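Below is one structure, written out as structure tokens, with a few remarks after it.
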Amino acid sequence: MIVVVSGPGGVGKGTIVDALVERDDRLFLSRSWTTREQRPSESDDAYVFVTSEEFEQRIEAGGFLEWTEFLGNYYGSPIPEPGDDRDLVLEIEVDGAQQVKRIHPDALLIFVLPPSREEQERRLRGRGDLDHKVLARLKKAEEEEPIGRQLADHAVVNDDLEATINQMLEIIDAARSA
């Protein structure tokens, strides 16, 4: 099974996905590649940080399940190595989620929403995003949310982290049982 966790920047996707993978040993997180600069607060394993040239070579080799250009940087989910029988989790933006659903319509897409635009902005600023990046991500969120809601199998508002994680684990378990 492919589990796609999508939503605009600042909704808590990374925190949620880390908790899902930690609590459910049947889940495996694909580490996305990106060409953007690493944030000061980010761990070295948050992404595979690469140059544009390295990313473009991987595109040409057909090495991504999905990829997109977002705010001037590339982001992509590499095709998983064969032999891992766990359920694949992708933490990706809406463009990538659309690609995955087009190729794998049976993928489970959970779209995460912020409790409010003000809270989303607070989270973006709290992780160290620059002002112009915060404004661009908020503008992009306005465009992405209607698309994400329509595309999603489930939409979840992350207003209480623990409750959100539990709700998403229940959604995943129900999908496995279906």
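Read-outs throughout are calculated quantities, based only on the coordinates presented, and are distinct from any laboratory measurement. Just so we're clear, the structure is a prediction, and the values are computed from it rather than from any experiment. No Cβ is skipped: glycine too gets one built from the backbone with ideal geometry, and neighbour counts run over all protein chains shown.
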Practice task
Report yes if some residue within segment 132-143 is part of a loop (DSSP other than H, G, I, E, B) and out of contact with any Leu (no Cβ under 6 Å at 6 or more places or on another chain); otherwise report no.
Solution key: no
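Yes/no per residue for (1) surrounded by fewer than 19 Cβ atoms within 10 Å (Cβ to Cβ); (2) among the charged types (D, E, K, R); (3) touching a residue at least 40 places away in the same chain (Cβ under 8 Å); (4) touching a Ser or Thr at 6+ places or on another chain (Cβ under 7 Å):
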site: Arg102; (1), (2), (3), (4): yes, yes, no, no
site: Lys140; (1), (2), (3), (4): yes, yes, yes, no
site: Pro146; (1), (2), (3), (4): yes, no, no, no
site: Asp153; (1), (2), (3), (4): yes, yes, yes, no
site: Met168; (1), (2), (3), (4): no, no, yes, no
site: Ile172; (1), (2), (3), (4): no, no, yes, no
Fill in the blank from the handout: Scanning segment 1-18 residue by residue, the ones that are part of a helix (DSSP H, G or I), farther than 19 Å from Ala174 by Cα and under 10 Å from the mean Cα position of the chain (by Cα) total 2
Practice task
Inspect segment 99-120 for any residue being among the hydrophobic types (A, V, I, L, M, F, W, C), under 21 Å from Arg39 (Cα atoms) and in contact with a Pro (Cβ under 9 Å, 6 or more places away or on another chain) and give the result as yes or no.
Solution key: no
Problem - Single unsatisfied condition, Thr35 versus (1) over 11 Å from the mean Cα position of the chain (by Cα); (2) among the hydroxyl-bearing types (Ser, Thr, Tyr); (3) surrounded by fewer than 18 Cβ atoms within 10 Å (Cβ to Cβ) - result: (3)
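Yes or no, residue by residue, for (1) within 20 Å of Leu29 (Cβ to Cβ); (2) crowded, with 18+ Cβ neighbours inside 10 Å:
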residue	(1), (2)
Ser77	yes, yes
Leu108	yes, yes
Leu113	no, yes
Gly126	no, no
Asp129	no, yes
Leu135	no, no
